[in-house]
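Each value in this text was obtained by applying a stated rule to the coordinates, not by laboratory testing. Everything numeric here is computed off the predicted structure, so don't read it as measured data. No Cβ is skipped: glycine too gets one built from the backbone with ideal geometry, and neighbour counts run over all protein chains shown.
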Amino acid sequence: PLPVLAIVGRPNVGKSTLVNRILGRREAVVEDVPGVTRDRVSYRAEWMGREFTIVDTGGWEHDAKGIHASVAAQAEMAVDVADAVLLVVEATVGATATDEAVVKMLRRKKKPVVLVANKVDSELVEAEASALWGLGFGEPHPVSALHGRGAADMLDAVMEVL
Ligand code: GDP
Ligand code: MG
C-alpha cells in the first residue's frame with residue numbers, strides 16, 4: 001500500500017485547492033462557500049517519482065455551536081489512517097480557535113506534521129507565516145495553493161517525513 005498523507009485544517013483555508021495543486025489537475029471540489037468538499041476523498045499522487053495517497057478532508061456539516069470539536073474530530077479520522085499530515089493554516093489570518101482544536105488533536109497523535117501557511121500569494125505576506133512557528137510543528141512552509149508558489153519546497157518537506 002502507498003503511504004498516506006492527510007490534508008487537514010479548518011474550512012476555507014485552501015485544502016482542496018492545495019490537493020488540486022499537488023495532483024496537477026482540477027479534481028478536488030473547491031468552492032468559495034466554506035465546507036463544500038463532500039466527504040473524505042482520496043487521490044493517488046506523485047512527487048519526484050514517489051507515489052502516495054492524499055486524503056482531502058472537510059465538507060461535513062458542522063452544527064454551529066460545535067464547530068471546533070467537529071472539525072477536529074473529522075480531521076482525526078483522516079489522521080488515524082495517515083502516515084503523515086499536512087496541516088493547512090491561512091497565513092494572513094493566523095491560528096483561530098478552530099485551528100487550535102486541530103492542533104491539540106495533532107499533538108496527541110505524534111504523527112509527522114508538515115505545517116503549511118497557505119494564501120501566501122506574494123512575498124509581501126510571507127513574513128506573516130513566521131507567527132505560525134508558535135504552533136510547535138516547526139517551520140511553516142509559505143505556499144500559494146492558488147498560484148503554486150512554494151508548493152515544490154513544501155512537497156520536498158513532505159517527502160522527508162512520508
Ligand atoms: P478548503 O475548504 O480548505 O478545502 O478550501 P478551498 O480549497 O475550497 O478554498 C477556499 C477558498 O480559498 C477558495 O475561494 C479558493 O480559491 C481560495 N484559496 C485557496 N488557496 C488560495 C491561495 O493560495 N490564495 C488565495 N488568494 N486564495 C486561495
Ligand atoms: Mg475542501
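For this structure, a couple of remarks:
- Relative to the Cα centre, the charge distribution of region 4-161, modelled as +1 at Lys and Arg Cβ and -1 at Asp and Glu Cβ, gives a dipole magnitude of about 400 debye.
- Choice from GLY150, GLY134, GLY94 with maximal GNM fluctuation in the chain (Cα, 10 Å cutoff): GLY134
- Between ALA72, ALA97, ALA129, the GNM of the chain built on Cα springs shorter than 10 angstrom shows ALA97 fluctuating the most.
- Shape of the chain, Cα gyration tensor, a/c cut at 1.5: rounded
- The stretch between LYS110 and SER130 holds 5.0 nm of extra length on full extension. This uses 0.36 nm per residue minus the Cα-Cα distance.
- Lys-Lys pairs in the chain that are eight or more residues apart or on separate chains and whose Cα atoms lie under 24 Å of each other come to 8.
- Sequence of VAL103, VAL120 once ranked by neighbouring C-beta atoms within 10 Å, starting from the fewest: VAL103, VAL120
- Longest site-free stretch - the chain; sites: trypsin sites (Lys or Arg not before Pro), DSSP loop, at most 14 other Cβ within 10 Å: 39-109
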